[in-house]
1. Would you confirm, using the coordinates I've provided, whether residue 351 is at pLDDT 85 or above, among the aliphatic types (A, V, I, L, M), surrounded by 19 or more Cβ atoms within 10 Å (Cβ to Cβ) and more than 18 Å from residue 507 (Cα to Cα)?
2. With 498, 513 as the choices, which residue is under 30 Å from residue 451 (Cβ atoms) and β-branched (Val, Ile, Thr)?
3. Among the residues in segment 415-438, are any within 28 Å of the chain's Cα centre (by Cα) and among the charged types (D, E, K, R)?
4. hydroxyl-bearing (Ser, Thr, Tyr) and either part of a strand (DSSP E or B) or in contact (Cβ under 8 Å) with a residue 40 or more places away in the chain (or both) - does that describe any residue in segment 311-328?
5. For segment 495-516: of the residues being of a type in the set (A, V, I, L, M) and crowded, with 21+ Cβ neighbours inside 10 Å, which is farthest from residue 534 (Cα to Cα)?
6. Identify all residues within segment 225-266 that are of a type in the set (Gly, Ala, Ser) and in contact with an Asp or Glu (Cβ under 9 Å, 6 or more places away or on another chain); write none if there are none.
7. If residue 113 passes every condition in (1) in contact with a Pro (Cβ under 9 Å, 6 or more places away or on another chain); (2) farther than 26 Å from residue 278 by Cα; (3) surrounded by 16 or more Cβ atoms within 10 Å (Cβ to Cβ) but one, which one does it miss?
Amino acid sequence: MSASLKDKKEVKTFFSKDSFYTDYIKEKVDNKEIEYIEEEIPPRPWYIELLPSIILLGLIIGAWYIFMTQTQGGNSKVMSFGKSRAKLHKDDGEQITFDDVAGLVEEKEELGEIVDFLKNPKKFTELGARIPKGVLMVGPPGTGKTYLSKAVAGEAKVPFYSISGSDFVEMFVGVGASRVRDLFQEAKKNSPCIIFIDEIDAVGRRRGAGLGGGHDEREQTLNQLLVEMDGFKTNEGIIVMAATNRPDILDPAILRPGRFDRTVNVGLPDVKGREAILKIHTRNKRLEADVDLGAIAKTTAGFTPADLENLCNEAALLTARKNLKAITREIIEEASIKVVAGPEKKSKVVIEKERVLTAYHEAGHAIVSRLLPDTDPVHMITIIPRGGAGGFTAYIPKEELNYSTKKGMKHRLITLLGGRAAESVALDDISTGASNDIERATELARAMVTIYGMSSRLGPIKYGTDENDVFLGRDIGRSRNYSEEVASEIDEEIRKLIGDAYSTATSLLNENIDVLHSLAKVLLEKETINSDEFDAIFQNNKNNSEVDESKIHEKVKEVREMEKAIDETIETAAGDYDEKSNDASNISSDESSEK
């Protein structure tokens with residue numbers, strides 16, 4: 001409705017025909033008070049009315065078309081759940097070869113046959129030889145298992161599929177098995193090639209351990225993997241390589257001949273291997289002329305190739321942070337300590353009492369280690385907090401041993417307890433700072449008794465089993481195959497080893513108390529000292545000679561004889577007390593009978 005107001009303004013409005021305003025306007029029109037003209041609104045075209053329905057129908061048809069395309073077209077699956085997530089590395093810009101892998105001489109020789117087969121398969125097939133279908137690489141994390149598998153593919157110049165074991169299993173049933181099938185279908189199209197499964201223990205654990213039994217999704221995926229490895233022929237040119245650091249939990253069916261025939265152990269590199277690895281990781285870095293990679297390799301015992309790569313990178317970052325033009329020997333040493341113990345916390349507020357306690361604690365470790373024969377020399381001592389530790393003492397191994405002797409393990413116990421002994425001797429008090437030392441010493445003593453059979457009382461017997469339920473885990477599933485009486489004897493033997501080690505450490509520090517005070521004083525002044533400064537402190541004191549092995553055993557023997565004498569005295573006193581009690585009871589019984 002449009003109307004003209006008295007001020008000649010035009011207005012428009014809408015209202016229902018059945019409303020109150022309709023009767024009101026009709027009354028005004030009848031009284032000729034207003035002029036009323038009624039017009040009909042023209043209807044909308046029919047195609048405008050059908051437009052929403054047409055749009056909805058088009059969306060339904062489009063969704064159905066996409067759904068049918070994914071379910072029927074090519075190798076794609078519904079919502080791509082069943083499609084393999086393996087990454088294909090083919091004709092990459094930088095190919096990794098055996099020349100880029102250092103410190104793994106025997107491992108490269110073992111895998112050389114795989115490379116030769118991928119390059120020239122007729123050489124083997126004509127002779128009737130069967131190349132292993134699968135190669136399992138076993139070793140601690142960071143030892144270069146994945147890098148070595150890439151080097152095999154780069155050396156043979158074949159496509160390389162890489163996937164993690166956890167990428168197979170999803171929450172939907174059947175997805176893992178579908179991905180395994182899709183992976184091998186793609187590999188057959190690009191053969192010869194290498195399929196690398198990292199952390200295969202995520203999908204290859206021993207079957208029958210889960211709550212779902214045979215219907216568990218992980219077990220179905222494992223079954224499909226075993227079927228696929230049996231399904232392709234040896235001359236198809238597909239090599240399956242896998243890596244794990246938990247070979248003990250793998251299903252036995254994986255390791256049988258015809259699947260993963262060959263196992264390559266990738267361990268920690270030795271000193272020559274570490275030097276070769278350092279050369280590779282420093283070839284694109286600028287080093288000072290005095291940097292000796294051989295000496296650095298000796299101080300990095302126990303480092304994995306990943307740790308060494310991280311060390312070189314940290315050294316480069318520290319060099320850039322200090323605005324230097326080349327990496328120095330001191331920076332590499334600082335980077336090595338940072339990788340092991342964490343960054344320095346110089347800004348952390350440490351009260352003087354704790355600094356003194358830390359100085360004596362670390363001095364105790366170093367002095368006891370220095371006095372014992374056949375121990376690793378001290379490399380550095382510091383009381384600057386790093387990571388979660390208030391200080392630490394670093395050692396350089398004289399030689400890398402594959403086995404530990406009983407004497408060496410006992411000396412290790414004495415060294416671990418040297419910090420607690422120093423606190424007691426010098427400060428007449430002890431602290432919680434030795435908690436980690438005590439934990440490690442207890443674990444070592446327990447291993448000596450229960451695993452290595454080094455207890456003369458219990459004999460060369462292993463107590464406890466390594467077999468555990470994969471699903472329940474290490475602690476819950478571990479079984480004990482000995483009685484409570486034997487468990488009590490084990491605890492006594494552990495207590496004896498710890499007690500002897502602590503007594504020896506205390507005796508050594510009491511005899512070298514001047515060295516202990518001098519070393520702690522220097523640590524409080526400098527906070528960090530190296531091996532040369534540590535040796536100079538010993539040379540400036542009288543009691544600086546190493547302790548003979550016979551003297552250590554004599555001191556331990558004296559302590560044990562004293563304990564034995566005390567026990568005999570207590571037993572004798574207890575026996576006399578029992579005899580007197582019996583005599584008194586007999587006298588009283590005689591008197592009562594007389595009465």
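The values are calculated or read from the model by the stated rules, or taken from the named source; none is laboratory data. All of these numbers come straight from a predicted model, not from anything done at the bench. FYI the Cβ positions are ideal-geometry reconstructions off the backbone, even for glycines, and counts take in every protein chain you see.
1. On the way: at pLDDT 85 or above: yes; among the aliphatic types (A, V, I, L, M): yes; surrounded by 19 or more Cβ atoms within 10 Å (Cβ to Cβ): no; more than 18 Å from residue 507 (Cα to Cα): yes.
For residue 351, the condition - at pLDDT 85 or above, among the aliphatic types (A, V, I, L, M), surrounded by 19 or more Cβ atoms within 10 Å (Cβ to Cβ) and more than 18 Å from residue 507 (Cα to Cα) - is not met.
2. Values: 513 fails: under 30 Å from residue 451 (Cβ atoms).
Within the list 498, 513, the selection yields 498.
3. Checked segment 415-438: at least one residue is within 28 Å of the chain's Cα centre (by Cα) and among the charged types (D, E, K, R).
4. Within segment 311-328, one or more residues are hydroxyl-bearing (Ser, Thr, Tyr) and either part of a strand (DSSP E or B) or in contact (Cβ under 8 Å) with a residue 40 or more places away in the chain (or both).
5. Our first condition is that a residue be of a type in the set (A, V, I, L, M); within segment 495-516, this holds for 497-498, 501, 505, 508-509, 513, 515-516.
Next, only the ones that are crowded, with 21+ Cβ neighbours inside 10 Å stay: 497, 501, 505, 508-509, 515-516.
Working: 497: 29, 501: 23, 505: 19, 508: 17, 509: 16, 515: 10, 516: 11 Å.
Residue satisfying both the conditions and the ranking: 497.
6. The answer is 242, 243, 258.
7. (3)
So that you can scan it fast, the table gives a plain yes or no per residue for (1) modelled with pLDDT of 85 or more; (2) part of a helix (DSSP H, G or I):
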| position | (1), (2) |
| --- | --- |
| 74 | no, no |
| 83 | no, no |
| 91 | no, no |
| 95 | no, no |
| 109 | yes, yes |
| 112 | yes, yes |
| 124 | no, yes |
| 128 | no, no |
